[in-house]
Amino acid sequence: MPWRPSPGLYGTWISEIMLQQTQVATVIPFFERFMARFPTVGHLATADEQEVLRFWEGLGYYRRARQLHAAARILAADHAGQFPSSIEQVRKLPGVGRYTAGAILSIALDQRHAILESNTVRLLSRLIALREDVTSSGAQRHLWALAGILLPRKNVGDFNQAMMELGSTVCTVRQPACDRCPLAALCATNAQQLQDRIPLAKRKTRYVPVREAAVVIRCGGRVLLRQYGPGERWTGLWDFPRFELSATRGAAIARELAAKVVDATGITIAMPRQFATFKHGVTRHRITLFCFETTCARAAGATRYPTTWVAPDDLPTYPMNVTGRKISQSIPNAACG
């Protein structure tokens, strides 16, 4: 892990934000690229948000990148560009909660702070055979208290990371390797053979199917992009105009898209042609995305969001969500209208 050898406060902070809800193997190349471009708080604070989003592209949960950028600017303005060593000050930074603050300061400075995340929640729950919903307030208080009691007097960062790795590699969700666990003799769940019952299983998520369409609109050798605004799914990123679909057949879809494009962008389009289909998930939604291309017949009126015309060769410079990038790489090489 590239953030392990002498990471310092800044590197630990970046890695911990990236690791939120994201697997280590996924994070490694993003961390290396991000740190090469933004090696200090100052580099990150003075960067344009669009560039920060571009270097975060593909890692998902883009709010993390915007909060990271906002926090860097706070550090530059209020802390002379230095990451604070006080947990109270660290927790005031955007995007930093109790776990993240404790992880940063224990790993980088060996401060005595407990951590609690998915792997340690599972490990500690099994250690004491906790039969409660681990997300309940009572269980959370109990687990945080236990995590604090177990902390050693020194090498706290090593201990916290070891606990996380023990949870991720040995005390796994299914078929934990109890035969090679150093805590097996102390584990109440192992003694009672309740590994398949503790922690309590989460309620199954009910996924909602959604049909959407994205439209590549060509004009004069360029294509239209729109930018997501505050409160939208991918704030700050660029994308091709995208709409939820109610129609299910070709001609009806074409009419629906034409009406929605005019309403959103003021552009009248020619008959759209489908060229790709992608499936992806966003939270509890399972989205089928139908991709169309067309040309601009007439442009007039106001738009409901920021738009810009971009030469296809310049698309890589605009930060996009994963499916937006896939579309940009799949656009047919037809002559632009």
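Restricting attention to segment 12-23 and to residues that are in contact (Cβ under 8 Å) with a residue 40 or more places away in the chain and assigned to a helix (DSSP H, G or I), the residue that is farthest from THR283 (Cα to Cα) turns out to be THR12.
Which ones in segment 55-71 are free of Cβ contacts under 8 Å to residues at least 60 places away in the same chain, more than 15 Å from VAL96 (Cβ to Cβ) and of a type outside the set (A, V, I, L, M)?
Answer for segment 55-71, where residues must be free of Cβ contacts under 8 Å to residues at least 60 places away in the same chain, more than 15 Å from VAL96 (Cβ to Cβ) and of a type outside the set (A, V, I, L, M): just PHE55.
Within segment 24-60, the residues that satisfy the criterion of being over 21 Å from HIS280 (Cα atoms) and of a type in the set (Asp, Glu) are GLU32, ASP48, GLU49, GLU51. Considering ARG98, ARG91, ARG63, which residue is under 30 Å from ASN321 (Cβ atoms) and out of contact with any helix residue (DSSP H, G or I) (no Cβ under 8 Å at 6 or more places or on another chain)? On inspection, the qualifying residue turns out to be ARG63. Taking every residue in segment 319-337 that is farther than 17 Å from ARG63 by Cβ and of a type in the set (Ser, Thr, Tyr) and pairing it with any residue that is modelled with pLDDT of 90 or more and assigned to a helix (DSSP H, G or I), at least 6 positions away or on another chain, the pairs with Cβ-Cβ distances below 9 Å are SER328/PRO312; SER328/LEU315; SER328/PRO316. Applying the set (1) surrounded by 11 or more Cβ atoms within 10 Å (Cβ to Cβ); (2) at pLDDT 95 or above; (3) not assigned by TED's automatic domain parsing to the domain that holds GLU293 to VAL216 leaves exactly one unmet item: (3). Restricted to segment 312-337, and to residues that are in a loop (DSSP other than H, G, I, E, B) and either of a type in the set (Phe, Trp, Tyr) or modelled with pLDDT of 95 or more (or both), which residue is surrounded by the most Cβ atoms within 10 Å (Cβ to Cβ)? Looking at the filtered set, the residue picked out is PRO319.
Identify all residues within segment 195-213 that are assigned to a loop (DSSP other than H, G, I, E, B) and surrounded by 15 or more Cβ atoms within 10 Å (Cβ to Cβ); write none if there are none. Once the filter is applied, which keeps residues that are assigned to a loop (DSSP other than H, G, I, E, B) and surrounded by 15 or more Cβ atoms within 10 Å (Cβ to Cβ), segment 195-213 yields GLN195, ILE198, PRO199, LEU200. Evaluated against (1) among the β-branched types (Val, Ile, Thr); (2) in contact with a Cys (Cβ under 8 Å, 6 or more places away or on another chain); (3) not assigned by TED's automatic domain parsing to the domain that holds THR265, VAL223 falls short on exactly one condition, (3).
Looking only at residues in segment 287-304 that are surrounded by 13 or more Cβ atoms within 10 Å (Cβ to Cβ) and closer than 23 Å to GLY231 by Cα, the one that is modelled with the lowest pLDDT is THR303.
Would you be able to say whether some residue in segment 156-165 is hydrophobic (A, V, I, L, M, F, W, C) and not in a helix (DSSP H, G or I)? For segment 156-165, residues hydrophobic (A, V, I, L, M, F, W, C) and not in a helix (DSSP H, G or I): absent. Kindly indicate whether GLU88 is outside the structural domain of ASN321 (by TED's automatic domain parsing), in a loop (DSSP other than H, G, I, E, B), farther than 18 Å from LEU19 by Cα and of a type in the set (Asp, Glu). The answer is no for GLU88. Only a single criterion out of (1) within 30 Å of ILE14 (Cβ to Cβ); (2) within 30 Å of the chain's Cα centre (by Cα) is not satisfied by LEU200, namely (1). In the condition set (1) modelled with pLDDT of 95 or more; (2) surrounded by 15 or more Cβ atoms within 10 Å (Cβ to Cβ), LEU257 is compliant with all but (1). Within segment 91-134, the residues that satisfy the criterion of being of a type outside the set (A, V, I, L, M), without any contact (Cβ under 8 Å) to a residue 60 or more places away in the chain and part of a loop (DSSP other than H, G, I, E, B) are LYS92, PRO94, GLY97, ASP110, GLN111, ARG112, HIS113, GLU117.
The values are calculated or read from the model by the stated rules, or taken from the named source; none is laboratory data. What you are looking at is a predicted structure, and each value in this text was computed from that prediction instead of being measured. Because the Cβ atoms are built from the backbone with ideal geometry, glycine has one as well, and the counts that use them run over all protein chains shown.
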